[in-house]
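A quick write-up on the structure given underneath.
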Amino acid sequence: MVVLIRPWAFATPEGTPRPVIAKLQDAIKRTVESQAFIDAGKAIRFTPAYLGADEFDRLIANDDAKLAQVMANLGLRAIGR
């Protein structure tokens with residue numbers, strides 16, 4: 001079985017200063033972990049989870065590697081490759 005979880009993320013332009021990213025991460029973390037956000041998520045059967053930028057990068061890289069292996073096992077390849 002293959003299970004893909006669709007992560008949602010905020011992105012900044014390449015070269016955004018780390019202090020700006022840190023400030024955004026703090027605000028997003030506080031929002032995602034707020035009771036109001038959690039309650040709103042429950043209403044639509046959504047479970048919020050916060051990952052910082054570095055953790056999220058690792059998650060996406062790991063998921064990409066797994067998906068590439070599944071595709072290779074099925075004899076598939078990405079368009080343009």
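The values are calculated or read from the model by the stated rules, or taken from the named source; none is laboratory data. Predicted model, so just to flag it, every value in this text is computed and none were measured. Cβ coordinates were reconstructed from backbone atoms using ideal geometry, including for glycine residues, and neighbour counts include every protein chain displayed.
So how many residues does the range 19-54 have that are out of contact with any Pro (no Cβ under 7 Å at 6 or more places or on another chain), modelled with pLDDT of 90 or more and assigned to a helix (DSSP H, G or I)? Selection size over the range 19-54: 19.
Among the residues of the range 30-74, those identified as of a type in the set (S, T, N, Q) and surrounded by 10 or more Cβ atoms within 10 Å (Cβ to Cβ) are 31, 34, 62, 69.
Checked against (1) outside the structural domain of residue 73 (by TED's automatic domain parsing); (2) surrounded by 12 or more Cβ atoms within 10 Å (Cβ to Cβ), residue 27 meets all criteria but (2). Does residue 16 satisfy being more than 14 Å from the chain's Cα centre (by Cα) and outside any helix (DSSP H, G or I)? Judged against the criteria, residue 16 is a match. Of a type in the set (Val, Ile, Thr) and exposed (fewer than 10 other Cβ atoms within 10 Å of the Cβ): is that true of residue 12 in this structure? Answer is no for this residue. Just to be sure I understand the filter: pairs with C-beta atoms under 7 Å, separated by 6 or more residues or on different chains, first member in the range 31-56 and on the phi > 0 side of the Ramachandran plot, second member surrounded by 12 or more Cβ atoms within 10 Å (Cβ to Cβ). Which pairs pass? Between residues of the range 31-56 that are on the phi > 0 side of the Ramachandran plot and residues that are surrounded by 12 or more Cβ atoms within 10 Å (Cβ to Cβ), there is no close pair.
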